[in-house]
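Take a look at the structure set out below.
The values are calculated or read from the model by the stated rules, or taken from the named source; none is laboratory data. What you are looking at is a predicted structure, and each value in this text was computed from that prediction instead of being measured. Methodologically, a virtual Cβ is constructed for each residue, glycine included, from the backbone with ideal geometry; neighbour enumeration extends over all protein chains shown. The accessibility values were calculated without ligands, DNA or RNA, using every heavy atom of the protein model including side chains. Shrake-Rupley method; radii C 1.70, N 1.55, O 1.52, S 1.80 Å.
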Amino acid sequence: MKGFREKAGASKCFSKSTPDTPNRSLASVGSELGSSESKSSKGSLLSSLFNSAFSVFETYSESSANEKKAVHNKSNGWTAAVKRLVTAGSMRRIHERVLGPSRTGISSSTSDIWLLGVCHKIAQDEALGDAAGNNGLAEFNQDFSSRILISYRKGFDPIGDSKITSDVGWGCMLRSSQMLVAQALLFHRLGRPWRKPLQKPFDREYVEILHLFGDSETSPFSIHNLLQAGKAYGLAAGSWVGPYAMCRSWEALARCQRAETGLGCQSLPMAIYVVSGDEDGERGGAPVVCIDDASRHCSVFSKGQADWTPILLLVPLVLGLEKVNPRYIPTLRLTFTFPQSLGIVGGKPGASTYIVGVQEESAIYLDPHDVQPVINIGKDDLEADTSTYHSDVIRHIHLDSIDPSLAIGFYCRDKDDFDDFCARASKLAEESNGAPLFTVTQTHKKPVNHSDVLGETGGVPEDDSLGVMSMNDAVGNAHEDDWQLL
């Protein structure tokens, strides 16, 4: 399978300017759904769909004008209203019209629901709508609605030197990754059992986490700063990006912020380890979690002051060509049973979501495609309105419908937690019938350049085994280099 190579070498730290990127027209919003204007059939379909819709309204207006001027004026107003509705960001309708409607709510199944490492048991009477049996469904709903949702925003400060003030139509991968990192921070600072309080004032730690993801350069993990950090991996305002480049961009952002702040002042109080390639350095095969590399990441993060630190593992994968190979679905589902689970950044082709749980063959996810006005929460505002950062709408799709290009996340609080993760991952690989998602090893069999492993220079390995998806090319057209394909 052909893949994509990074367009530029990385610098050790990113600058505070972004190349001017023009805003895209409505017709080009199809890049969110899979590709560029020139290459995407979905983009063409979307454009045709809107043009056809508008032509119907306009034709009706024109014919009506011959009969009655008042009807003509009313129809013109209706046409303008429809155009305003679509161009204003009704991405939910766009998303469902092109990719199909998403299912909502919990099915009638009594199977367990696994949500980021926690099992919720649903009794038969609950599945049938009678909650008197036990509180399994209520506990699941509370857990799900406590997860942080980060979606499209409009009206934020322009990104860099561009005039772009909204990520509608192109920012879903960035938003999905923000959600995954936000959950890692929730687990680190408040613990997995934490639930959003029903009354104010809120926990200070919770409010501080939301502040980190505001939509301005002053918020450390804003879309503005992510794009700056990911320049070397092809990130640009107005363009879609793949999971691998997204993972590397988080690594670069954390590295640059670590260089600018002291150890006790870091916004992301954990090391980041992007797992890719195999231990022999050859193309193909499952990624390998190298325990020695994880240890080195922790040492670099702590600047040599600790043998081990909290660590965020990001595992970008390509599990098939056009769809996920069915042999990976059982192991993919089982990753949600890990106590360290942070879910999956993925979704349907070209339309990323944040998958947080599974029930039987269904993937439960948070969707970043709803458009909301910008909001920047102060880190001391314990009375802030945080309702737009949560959702009780439970959406799900079949696991075999998700895009084969995805990234799995895990958070390990300490060395014991990491050892437990490695034991679970090794057992999962052994029971995968020859199709492991990733494997675990103590050390590399061949010498490796640890500056590349740790990203000390921020450089992109010339022969990286996974490649980077080029911008405006979300469907995956053939390029020169091979993907790491499982």
| said: Please determine whether any residue of the stretch 167-187 is farther than 23 Å from A254 by Cβ, of a type in the set (A, V, I, L, M) and open to solvent by 50 Å² or more (accessible area, probe 1.4 Å). | reply: no
| message | Of the conditions (1) in a strand (DSSP E or B); (2) more than 19 Å from L190 (Cα to Cα), Y411 satisfies every one except a single condition; which number is it? | response | (2)
| Within the stretch 204-222, considering residues that are touching a residue at least 24 places away in the same chain (Cβ under 8 Å), charged (D, E, K, R) and in a helix (DSSP H, G or I), the one surrounded by the fewest Cβ atoms within 10 Å (Cβ to Cβ) | R204
| query | Does any residue of the stretch 418-426 turn out to be under 21 Å from the mean Cα position of the chain (by Cα) and among the basic types (K, R)? | reply | no
| task | Please specify each residue of the stretch 291-306 satisfying the condition of being at pLDDT below 95 and either hydrophobic (A, V, I, L, M, F, W, C) or assigned to a strand (DSSP E or B) (or both). | result | V300, F301, A306
| request: Out of I159, I164, report the one residue that is out of contact with any helix residue (DSSP H, G or I) (no Cβ under 9 Å at 6 or more places or on another chain) and part of a loop (DSSP other than H, G, I, E, B). | output: I164
| Residue list for the stretch 270-289, filter: in contact with a helix residue (DSSP H, G or I) (Cβ under 9 Å, 6 or more places away or on another chain) and at pLDDT below 95 | S276, A286
| request: Go through the stretch 223-273 residue by residue and tally those that are free of Cβ contacts under 8 Å to residues at least 60 places away in the same chain, surrounded by fewer than 23 Cβ atoms within 10 Å (Cβ to Cβ) and not in a helix (DSSP H, G or I). | output: 4
| note | Checking I311, I364 in turn, the sole residue that is in contact (Cβ under 8 Å) with a residue 60 or more places away in the chain, closer than 15 Å to A425 by Cβ and under 22 Å from the mean Cα position of the chain (by Cα) turns out to be I311
| task | Within the stretch 471-485, identify whether any single residue is more than 30 Å from G234 (Cβ to Cβ), open to solvent by 40 Å² or more (accessible area, probe 1.4 Å) and at pLDDT 50 or above, and answer yes or no. | result | no
